[in-house]
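The values are calculated or read from the model by the stated rules, or taken from the named source; none is laboratory data. Worth saying up front: this structure is predicted, and the values here are computed from it rather than measured. Note: ideal-geometry Cβ built from the backbone for every residue, glycine included; neighbour counts use all protein chains shown.
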Amino acid sequence: MRKRTANGKYKIWKGALLVVLAAVAVSVFLINPFRLRRIRYPAFGIDIPSGYSIHGIDVSRYQKYIMWEEVKMMKVKDVRIGFVFIKATEGISYLDPYFRRNWKKAAQTGIFRGAYHFFNPSKDGKMQAENFIRHVELKRGDLPPVLDVEQLNETEVTQLRREVKRWLQTVEEYYNIKPIIYTNTDFYTRYLGNEFDEYPLWVAHYYRPEAPRISRSWLFWQHSDKGRVNGIEHPVDFNVFNGDSSDFRRILIP
């Protein structure tokens, strides 16, 4: 084996150092708060349904680093961001890498916060609930926990319903409040149905002018996935609450 000279070793270390510095520079640029503060939009970039007074967003790792102070301050006409649902967990072990920061910062800026779990239909519902419980501490004034269930993944419908119920029952028993189910109109009708009508519903149905097309009552409506919000570089899901401020405060953790 040929021996490296001192000069050769120096060049190798120099090259490695340059790679590390370049990576650090890119990371700093990507999460630079001063750059994110300059991310401002003239409007939300979507049609906002009329007749609703309480508006919110939901976020996950896809929105990456968020400047929550900018989110809080943005106002277009009479619309502000009043609440946020934040992805916490998925399956039996996954934790969203931005959850802890988003959870803390949303509260610090005075935005009502809620946490959701993305459901894996092929995994044990109780174990998934325990994953959520491990990472999410709900406090007075937070929104109820949410189960995001929108995939079947070749699982039998009976198994899906059984494991969803196990998640909901485990979480309700732990937090002493009934969880919210999130799904889209078609999935709810085809795979969940009236077995889950006792649970509050957060329903997704995009680009409708007034309300989602679903026969049962609903609490939140996710009406767009293309919103723009100051301090967030990537598109955001937009939601409305089906009620006034008094109704909203009644659903919070007591």
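Identify, please: which residue in region 172-185 is within 20 Å of Trp218 (Cα to Cα) and part of a helix (DSSP H, G or I) and is, among those, modelled with the highest pLDDT? Full working, then the answer.
In the first step, residues of region 172-185 are kept if they are within 20 Å of Trp218 (Cα to Cα); the result is 172, 177-185.
If we keep only those that are part of a helix (DSSP H, G or I) as well, we get 172, 185.
On the way: Glu172: 98, Thr185: 95.
Result: Glu172.
Counting only residues that are touching a residue at least 60 places away in the same chain (Cβ under 8 Å) and not in a strand (DSSP E or B), which one in region 137-171 is surrounded by the fewest Cβ atoms within 10 Å (Cβ to Cβ)?
Arg140
Any chance you could count how many residues in region 192-215 are out of contact with any Pro (no Cβ under 9 Å at 6 or more places or on another chain), in a loop (DSSP other than H, G, I, E, B), modelled with pLDDT under 95 and exposed (fewer than 13 other Cβ atoms within 10 Å of the Cβ)?
So the answer is 3.
Looking at (1) of a type in the set (Ser, Thr, Tyr); (2) in contact (Cβ under 8 Å) with a residue 40 or more places away in the chain; (3) over 19 Å from Leu219 (Cα atoms), which is the one condition that is false for Tyr191?
Here Tyr191 meets the rest and fails (2).
Limited to region 153-171, what total is found for residues that are at pLDDT below 95 and not acidic (Asp, Glu)? Before the answer, list the steps.
Applying the first criterion (at pLDDT below 95) to region 153-171 yields 153-155.
Remaining after also requiring not acidic (Asp, Glu): 153, 155.
Summing the residues that are at pLDDT below 95 and not acidic (Asp, Glu) in region 153-171 gives 2.
Quick one: would you say Leu143 is assigned by TED's automatic domain parsing to the domain that holds Pro49 and under 22 Å from Gly231 (Cβ atoms)? Step through it out loud before you land on a result.
Values: assigned by TED's automatic domain parsing to the domain that holds Pro49: yes; under 22 Å from Gly231 (Cβ atoms): yes.
Criteria met by Leu143.
With the condition kept exactly as written, say whether any residue in region 10-32 is modelled with pLDDT of 80 or more and among the basic types (Lys, Arg). Reasoning before the result, please.
In the first step, residues of region 10-32 are kept if they are modelled with pLDDT of 80 or more; the result is none.
No, there is no match, as no residue in region 10-32 is modelled with pLDDT of 80 or more and among the basic types (Lys, Arg).
Tell me, please, whether a residue that is assigned to a strand (DSSP E or B) and under 23 Å from Pro200 (Cα atoms) can be found in region 91-105.
If we filter region 91-105 for residues that are assigned to a strand (DSSP E or B), which is where we start, we get 94-95.
When the remaining residues are screened for being under 23 Å from Pro200 (Cα atoms), the result is none.
No, region 91-105 has no match at all.
Rundown of residues vs (1) of a type outside the set (Lys, Arg); (2) in contact with a helix residue (DSSP H, G or I) (Cβ under 7 Å, 6 or more places away or on another chain), yes/no style:
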{"position": "Tyr94", "(1), (2)": "yes, no"}
{"position": "Lys104", "(1), (2)": "no, no"}
{"position": "Asn131", "(1), (2)": "yes, no"}
{"position": "Leu138", "(1), (2)": "yes, yes"}
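Which one of Ile232, Ile181, Ile177 is over 17 Å from His117 (Cα atoms), surrounded by 14 or more Cβ atoms within 10 Å (Cβ to Cβ) and in contact with a Leu (Cβ under 9 Å, 6 or more places away or on another chain)? Talk me through it step by step, then tell me what you get.
Values: Ile181 fails: over 17 Å from His117 (Cα atoms); Ile177 fails: over 17 Å from His117 (Cα atoms).
Of the residues listed, the single one that is over 17 Å from His117 (Cα atoms), surrounded by 14 or more Cβ atoms within 10 Å (Cβ to Cβ) and in contact with a Leu (Cβ under 9 Å, 6 or more places away or on another chain) is Ile232.
The rows are residues; the columns are (1) assigned by TED's automatic domain parsing to the domain that holds Tyr182; (2) surrounded by 14 or more Cβ atoms within 10 Å (Cβ to Cβ); (3) touching a Gly at 6+ places or on another chain (Cβ under 9 Å); (4) touching a residue at least 12 places away in the same chain (Cβ under 8 Å).
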{"site": "Ile39", "(1), (2), (3), (4)": "no, yes, yes, yes"}
{"site": "Ile54", "(1), (2), (3), (4)": "yes, yes, yes, yes"}
{"site": "Asp96", "(1), (2), (3), (4)": "yes, yes, no, yes"}
{"site": "Pro121", "(1), (2), (3), (4)": "yes, yes, no, yes"}
{"site": "Asp124", "(1), (2), (3), (4)": "yes, yes, no, yes"}
{"site": "Glu130", "(1), (2), (3), (4)": "yes, yes, no, yes"}
{"site": "His135", "(1), (2), (3), (4)": "yes, yes, no, yes"}
